[in-house]
Amino acid sequence: MKREDAINLVLLLALLATPFIAQAMGETFTVTLVTRITILALAAVGLNIALGLGGLVSFGHAAFFGIGGYAAGILASHAMSGEPMLFGFEGSNQMPVVWLAAAIAAGVVSLAIGAISLRTSGVYFIMITLAFAQMVYYFAISWPAYGGEDGLSIVLRNAFPGVNTMRPMEFFLVCFGVLLAALIFSALLRSSRFGAALQAVRQNEVRVASIGISPMPIRLTAFVLSAMITAVAGALYADLNRFVSPSMLSWHMSGELIVLIILGGTGRLMAPVAGAALFVVLEFWLGGITERWQFFLGLILLATVLFARGGVIGLLAGKERHG
Amino acid sequence: MAEPVLAIRDLRKSFGALKATDGVSIDLYPGEIHALIGPNGAGKSTLIHQICGTLRQDSGQIRLAGQEIGTRTVAERARLGLGRTFQISSLAGEFSALRNVMLAVQAGQGSSFRFFKPVMHDRALTEAAMERLERVGLAARAHVPASELSHGEKRQLEIAIALALDVKAFLLDEPMAGMGPEGSKVLTGFLDRLRQEAPILLVEHDMDAVFALADRISVLVYGRVIATGTVDEIRNDPAVRTAYLGDHA
Ligand SMILES: Nc1ncnc2c1ncn2[C@@H]1O[C@H](COP(=O)(O)OP(=O)(O)OP(=O)(O)O)[C@@H](O)[C@H]1O
Ligand SMILES: [Mg+2]
C-alpha cells in the first residue's frame with residue numbers, strides 16, 4: 001500500500017470511530033460536530049473535483065450547496081403540508097428522493113453557470129462564479145414563499161429507509177456512507193481517462209487541445225459533477241441543522257469550502273476530509289478561546305499557502321506522484 | 001505530383017500595421033520534409049500558429065487532406081490529423097512520460113469520457129504508450145515526471161506523443177533549439193525516419209539540419225515567401241543569400 005493510501009485509510013477510520021467513542025463517553029455534541037465535518041467534507045469532495053483536479057477556482061459553490069439545502073427544505077415542507085408544488089408533485093421526506101432532486105437542480109443550474117463562466121479563466125472565472133452565486137443568494141432572500149431572509153425550518157429530518165435519522169448516531173452513519181461513496185467516486189474519477197484529461201487540461205490547456213481533446217466539454221462535465229456532489233452535501237446540511245437559510249448560499253460558504261481544500265491539500269483525494277476536520281476543530285476550539293478565531297485561521301491558511309502547499313495530506317504523505 | 005496533404009493559400013494576418021503573414025501559399029506533399037526558414041521576426045511562428053489554430057488568420061485558406069480547416073478549433077484540427085510539437089512546454093508536466101503518451105493514445109481513440117476504469121490498468125493505453133516510448137528511445141524513463149526530463153528527452157517525449165496520434169501532417173517549430181550538437185544529430189536522424197509517418201513542415205534555424213533533411217525549402221521574409229525550391233536552388237538563389245543565408249550557403 002502506498003503511504004498516502006494508508007494515511008487516507010487511517011483518517012477515514014478515525015472519522016468513523018470518533019462518534020462511537022464520543023457517544024460511549026456521553027459526549028453527544030461531538031457526534032454532531034463530527035457529522036458537520038463529514039458533511040462539509042462531502043461538499044468539499046465535490047468542489048475538489050473542479051478546483052483540485054480541474055484547477056477551476058469556483059468562488060460560487062455555495063450556490064450549489066444552498067440549492068441542495070433548499071431542495072431538502074422545500075420538499076420536506078411540501079411533504080409536511082401536503083400542498084402540491086411544481087407539476088402537482090407533493091414533496092418528499094425521503095432522503096434518496098431529496099438527494100436526487102438536489103443533484104438534478106444543481107446539475108441544471110451549474111450547466112448554465114458553467115457554460116458561461118468557463119469561457120473565462122483566472123480571476124475572471126473566480127469573479128463570475130461569485131457573481132452567479134450572489135444572484136442565487138439574492139433570489140433566495142427575496143422569495144417569501146420559502147422563508148425569504150428568515151429561512152425555512154425542517155420540522156423532522158428527512159427519512160432514510162431503515163434508519164431513525166433523528167438519532168445523531170444514525171444520521172451520522174448515513175452521512176458517512178454518502179461521503180464514502182463520494183470518495184470512492186472521486187478516487188475512480190481521478191484515475192480514469194476523464195480524470196487524466198481533466199488534470200492535463202489544468203496543467204496545459206493549449207497543449208491538450210493540440211492533441212485533439214477539447215478542454216471545454218471536459219471542464220464543463222467536471223464542473224457539473226462537482227456541483228451535484230456539493231448539492232447533496234447541502235441537502236444533508238439542511239437536515240443536520242433542520243433549517244435552511246440564505247446564509248448557506250452566501251459567499252462566506254464558498255470561501256469556507258475553498259479554505260477547507262487548501263488546508264487539506266488541493267487536489268488530494270482526502271484533502272476535503274482532512275481540511276474539514278481541521279477547520280471544524282479550529283472553529284470549535286479557537287472559537288471557544290477567542291472570538292477572533294478567524295484571524296488565527298487566516299494565519300494558518302497563510303502558512304499553508306506559503307510553506308506547506310500540499311496542506312495536511314502533503315505534510316503527512318509527501319508530494320503527490322502520478323503513475 | 002500527388003495531392004498536397006497540407007495546402008495553404010494566400011494566408012494573411014496583420015498585427016496592427018505589421019503584416020506578419022502577407023499572402024503566404026505553401027504546399028506540403030506526402031513523404032516530404034518542407035523546411036521553412038527566414039530571419040527572426042519573419043513570421044514563421046505566426047504561420048504555424050495559424051495552421052494549428054491558436055491564431056486565427058485574417059483571410060486565406062488552410063486545407064488538410066482536401067478538407068478546409070481554417071475555421072476549426074485547435075482540438076478539431078488535431079483530431080483531423082494535424083500534429084504539432086512544442087518547444088518547451090510539456091503536455092502534462094506533473095504526469096510521468098508514460099502517462100503523457102497514454103493521454104495522447106486516449107485522445108487518438110477519441111475516448112476521454114470514461115469515468116471509472118483506472119487508466120493504469122488499461123492495457124490498451126499502457127502498451128500502446130510504452131511502444132511509442134520505446135520507438136523514441138525513452139522507455140527507460142517512462143515513469144519519470146515529464147517536468148523532470150532533460151531538454152532533449154522532452155523533445156523525444158513530444159515525438160512519442162505525436163506518434164501516438166494518427167497524424168497526417170507534422171508541424172515542428174524549431175525542434176533543434178537549445179539542443180547540443182550531439183542531440184541535434186540524433187534528432188536529425190530521427191526526423192529523417194519520421195517523414196515516413198507523415199510529411200513535416202519544419203521551422204528551423206539550424207541550417208546544417210535543414211540542408212540535411214529538407215526536400216524543399218521556403219524562405220519567409222517580412223511575412224512573404226520570397227523563394228521556394230530544392231536545397232540547391234535555395235542555396236544558389238541570390239535574393240535568399242542577401243536576405244537570409246549570408247555566409248551560410
Ligand atoms: N501576438 C502578437 N501581437 C503582435 N505582434 C506579434 C504577435 N506575435 C508575433 N508578432 C510579431 O509578428 C512578427 C513575426 O513574429 P514570429 O514570432 O512569427 O517570427 P518568427 O519568424 O517565428 O521569428 P523567430 O525566428 O525569432 O522565431 C514579429 O515582428 C513579432 O513581433
Ligand atoms: Mg518563432
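A few points about this structure:
- Per-region count, region B:174-196, residues part of a helix (DSSP H, G or I) and either exposed (fewer than 14 other Cβ atoms within 10 Å of the Cβ) or over 12 Å from the mean Cα position of the chain (by Cα) (or both): 12
- The number of residues in region B:141-178 that are more than 30 Å from B:Ile69 (Cα to Cα) and within 16 Å of ligand 1 (Cβ to nearest atom) comes to 1.
- Selection over region B:38-72 of residues that are away from ligand 2 (no atom under 12 Å from the Cβ) and either crowded, with 19+ Cβ neighbours inside 10 Å or over 15 Å from the mean Cα position of the chain (by Cα) (or both) gives a count of 22.
- Residue within region A:221-232 that is more than 15 Å from A:Val45 (Cα to Cα) and either assigned to a helix (DSSP H, G or I) or of a type in the set (Lys, Arg) (or both) present: yes
- Screening the candidates B:Ala92, B:Ala75 for the property of being at pLDDT below 95, part of a helix (DSSP H, G or I) and either surrounded by 15 or more Cβ atoms within 10 Å (Cβ to Cβ) or among the charged types (D, E, K, R) (or both) yields one hit, B:Ala75.
- Flag for B:Ala35 being at pLDDT 95 or above, away from ligand 2 (no atom under 13 Å from the Cβ), buried (at least 16 other Cβ atoms within 10 Å of the Cβ) and hydrophobic (A, V, I, L, M, F, W, C): yes
- Among the residues making up region A:310-322, those that are of a type outside the set (Gly, Ala, Ser), closer than 24 Å to B:Val144 by Cβ and over 21 Å from the mean Cα position of the chain (by Cα) are A:Lys319, A:Glu320, A:Arg321, A:His322.
- Among the residues of region A:164-217, just one is within 17 Å of the chain's Cα centre (by Cα) and facing chain B (nearest Cβ under 7 Å), namely A:Leu189.
- Residue in region A:92-103 that is surrounded by fewer than 19 Cβ atoms within 10 Å (Cβ to Cβ), farther than 15 Å from A:Gly60 by Cβ and more than 20 Å from the chain's Cα centre (by Cα) present: yes
- Hey, A:Arg242 more than 23 Å from A:Val163 (Cα to Cα) and in contact (Cβ under 8 Å) with a residue 60 or more places away in the chain or not: no
- Residue satisfying all of: in region A:111-150; over 14 Å from A:Ala50 (Cβ atoms) and among the hydroxyl-bearing types (Ser, Thr, Tyr); surrounded by the most Cβ atoms within 10 Å (Cβ to Cβ) among these: A:Tyr137
- Count of residues meeting criterion [touching a helix residue (DSSP H, G or I) at 6+ places or on another chain (Cβ under 9 Å), part of a helix (DSSP H, G or I) and more than 15 Å from A:Asn48 (Cα to Cα)] in region A:299-311: 4
- Taken as a whole, the condition of being within 14 Å of ligand 2 (Cβ to nearest atom), among the hydrophobic types (A, V, I, L, M, F, W, C) and more than 14 Å from B:Ala169 (Cβ to Cβ) does not apply to B:Ala75.
- Checking B:Phe86 against (1) facing chain A (nearest Cβ under 7 Å); (2) out of contact with any Asp or Glu (no Cβ under 7 Å at 6 or more places or on another chain), the condition it does not meet: (2)
- Selection of region A:249-295 for residues being free of Cβ contacts under 8 Å to residues at least 60 places away in the same chain and not in a helix (DSSP H, G or I) yields A:Gly265, A:Thr290, A:Glu291, A:Arg292.
- Answer from B:Arg114, B:Arg99 - the residue that is at pLDDT 95 or above and at the interface with another protein chain (Cβ under 7 Å from one of its Cβ atoms): B:Arg99
- Residue match in region B:228-245 (condition: touching a Gly at 6+ places or on another chain (Cβ under 9 Å), touching a residue at least 40 places away in the same chain (Cβ under 8 Å) and farther than 28 Å from B:Arg77 by Cα): yes
- Candidate set from region B:2-25 (those that are within 18 Å of B:Thr71 (Cα to Cα) and buried (at least 20 other Cβ atoms within 10 Å of the Cβ)); member that is farthest from ligand 1 (Cβ to nearest atom): B:Val5
- Residue list for region A:162-184, restricted to those being of a type in the set (A, V, I, L, M, F, W, C), under 17 Å from A:Leu9 (Cβ atoms) and surrounded by fewer than 19 Cβ atoms within 10 Å (Cβ to Cβ): A:Leu180, A:Ala181, A:Ile184
- Candidates B:Ala162, B:Ala140, B:Ala107 - the one that is more than 7 Å from chain A (Cβ to nearest Cβ), assigned to a helix (DSSP H, G or I) and touching a Gly at 6+ places or on another chain (Cβ under 8 Å): B:Ala162
Yes/no per residue for (1) of a type in the set (S, T, N, Q); (2) touching a Ser or Thr at 6+ places or on another chain (Cβ under 6 Å); (3) closer than 27 Å to A:Arg190 by Cβ:
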{"position": "B:Leu64", "(1), (2), (3)": "no, no, no"}
{"position": "B:Arg77", "(1), (2), (3)": "no, no, no"}
{"position": "B:Ala92", "(1), (2), (3)": "no, no, yes"}
{"position": "B:Phe115", "(1), (2), (3)": "no, yes, yes"}
{"position": "B:Asp122", "(1), (2), (3)": "no, no, yes"}
{"position": "B:Leu138", "(1), (2), (3)": "no, no, yes"}
{"position": "B:His151", "(1), (2), (3)": "no, no, no"}
{"position": "B:Lys168", "(1), (2), (3)": "no, no, no"}
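Let's see how each residue does on (1) over 13 Å from B:Arg12 (Cα atoms); (2) away from ligand 1 (no atom under 16 Å from the Cβ); (3) assigned to a helix (DSSP H, G or I); (4) within 14 Å of chain A (Cβ to nearest Cβ):
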residue	(1), (2), (3), (4)
B:Asp27	yes, yes, no, no
B:Gly31	yes, yes, no, no
B:His34	yes, no, no, no
B:Ala42	yes, no, no, no
B:Thr46	no, no, yes, no
B:His49	no, no, yes, yes
B:Thr54	yes, no, no, yes
B:Gly60	no, no, no, no
B:Arg63	yes, yes, no, no
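The values are calculated or read from the model by the stated rules, or taken from the named source; none is laboratory data. Remember, it's a predicted structure, so these values are computed and weren't measured experimentally. Cβ coordinates were reconstructed from backbone atoms using ideal geometry, including for glycine residues, and neighbour counts include every protein chain displayed.
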